[in-house]
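Just so you know, all these numbers are worked out from the coordinates, no wet-lab data involved. These numbers come from a predicted model, not from an experiment. As a convention, Cβ positions derive from the backbone with ideal geometry for all residues, glycine included, and neighbour counts pool all protein chains shown.
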């Protein structure tokens, strides 16, 4: 553990807040763009888009998404062996700023936009994985509870960005910078100006990091983790070529088991953006005092709850840790998966109030969805930030960035699996899908409880920092 970062009087070092600034900014700018991306690709040049066909746009998104899923593994190897996290982040923020500026300057020049996309995808391979890794590097191997709390706060930063990004991005493209006719109808959207906003935002984050890294991070993440030297009885040696120990291999096996279960978890969870959204649109009474609640606000409701509850969970872990009552990681994640499964059964209970009338003339009450999303968010906070912290804890420091890329890889696999579930929803029906989702998560939680002793022995979390 590098000692350059001094602990504050507060619970956490300043470096955590710098990581949160980076993640909040990255998330904000990503979601500001993702909300209108398909429209930017397919709308005509006169309307502010590129004028691509849906097939061309789909191919472009597919290639970029696939590359964006694989490249972080390469980015992590480069970071861990050659650049170090600090340099990687500075490079990523600057390149992202350049990429989005290309969008602003050269739209609707498709070849130049593709250049911008390429720069964007490559630079993104050095961003989220390294921001996540730097959080764990701020704490010693023995600070298990503080690290769990830190990742909870970090997760809050993600949700702050993802909540506000679509709001301001949408206002910019559809209102503030849009060209409208006399009737107020949009005739040209301000997509390129949204890219200008994102570019300026990335350059701003770059400058913040450029000036604050020396003060708030010091030596943490300054050098490649695989090249760093560690002190042993007054001597130093490089760790880049060290072989994995038997303990390391057991921990990696434990991580692999968690990886599989978390992939199942995200596969079910991501249905909130697909199947559950469709169900809500067709069969939930979204009117409140005469106002039609946009269905996408349910996702925003989840984001708001994450922002509110994440620090509360962080304080809970800190309090339990001080009392030596912090539950094992496998128990936290098992409870989180089971609670998330319960959320789908709450939605099922609401769906059953329709009594099989599916002609959209009968609607279920909105409160079923609100309660379900509240329960789902609690489960999410017991799984995601805790899992991120776990991957950081168990991985040898020379693979710190690679470990976080592996965690984000669960999103990729679950995204693919989610697509298959969406495809069979019409055939199987909502009730069957909800039962499958809820039952799958309850089974995952039960598996974690059953193998708790075996898993805890594999991971040997209590031995961290003592080897």
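Points to keep in mind about this one:
- Each peptide among 217-224, 308-315, 195-202 gets the average number of other Cβ atoms lying within 10 Å of its residues, and from highest to lowest they stand as 195-202, 217-224, 308-315.
- For the pair residue 353 and residue 74 in one chain, pulling the backbone fully straight at 0.36 nm per residue adds 95.5 nm over the alpha carbon distance.
- Built from the Cα atoms of segment 246-463, the convex hull projects on average onto 13.3 nm², one quarter of its surface area.
- Extended-chain gain in nm, criterion 0.36 nm per residue less alpha-carbon gap, residue 439 and residue 292: 49.7 nm
- Highest-first packing order for the peptide set 68-81, 248-261 is 68-81, 248-261, based on the mean count of other beta carbon atoms within 10 Å.
- Label-zone membership for segment 266-285, site residue 427, 7 angstrom Cα→C-beta point, backbone N under 20 Å: 267-268, 271, 274-276, 278-279
- Legend: ranking of residues 351, 103 from fewest to most surrounding C-beta atoms inside 10 Å; resulting order 351, 103.
- Annotation: the residues 127, 177, 388, sorted from fewest to most other C-beta atoms within 10 Å of their own C-beta, follow the order 177, 127, 388.
- Two-site label geometry, residue 360 and residue 249: point separation in nm, points 7 Å out along Cα→Cβ: 5.9 nm
- Segment 14-224: C-alpha gyration tensor shape, a/c 1.5 cut-off, then a/b vs b/c: prolate
- On the basis of the beta-carbon distance and an R0 of 41 Å, residue 171 and residue 324 show a calculated FRET efficiency of 0.25.
- Note on residue 463 and residue 142: their simple-model spin labels are 1.7 nm apart, each label 7 Å out from Cα toward Cβ.
- Length-normalised contact order for segment 14-224 - Cα pairs under 8 Å, 6+ apart - percent: 39 percent
- Listing 367, 407, 17, 266 from fewest to most neighbouring C-beta atoms within 10 Å gives 367, 17, 266, 407.
- Stretched out straight at 0.36 nm per residue, the stretch from residue 256 to residue 371 would grow longer than its current Cα-Cα span by 38.1 nm.
- If you model segment 256-352 as an ellipsoid using its alpha carbon gyration tensor, with each semi-axis the square root of five times an eigenvalue, the axes come out at 31, 18, 11 Å, biggest first.
- Each 5 Å bin from zero up to the one holding the largest Cα-Cα distance in segment 312-356 carries the following percent of pairs: 6, 18, 16, 16, 12, 10, 9, 6, 5, 2, 0.
- Cα shape, segment 59-113, gyration tensor, a/c 1.5 rule: oblate
- Reciprocal of mean inverse Cα separation for the chain (Kirkwood radius, Å): 23.5 Å
- With kT/(6 pi eta Rh) evaluated at 4 °C and eta = 1.567 mPa s, and Rh the Kirkwood radius from Cα pairs, segment 1-109 diffuses with a coefficient of 77 µm²/s according to Stokes-Einstein.
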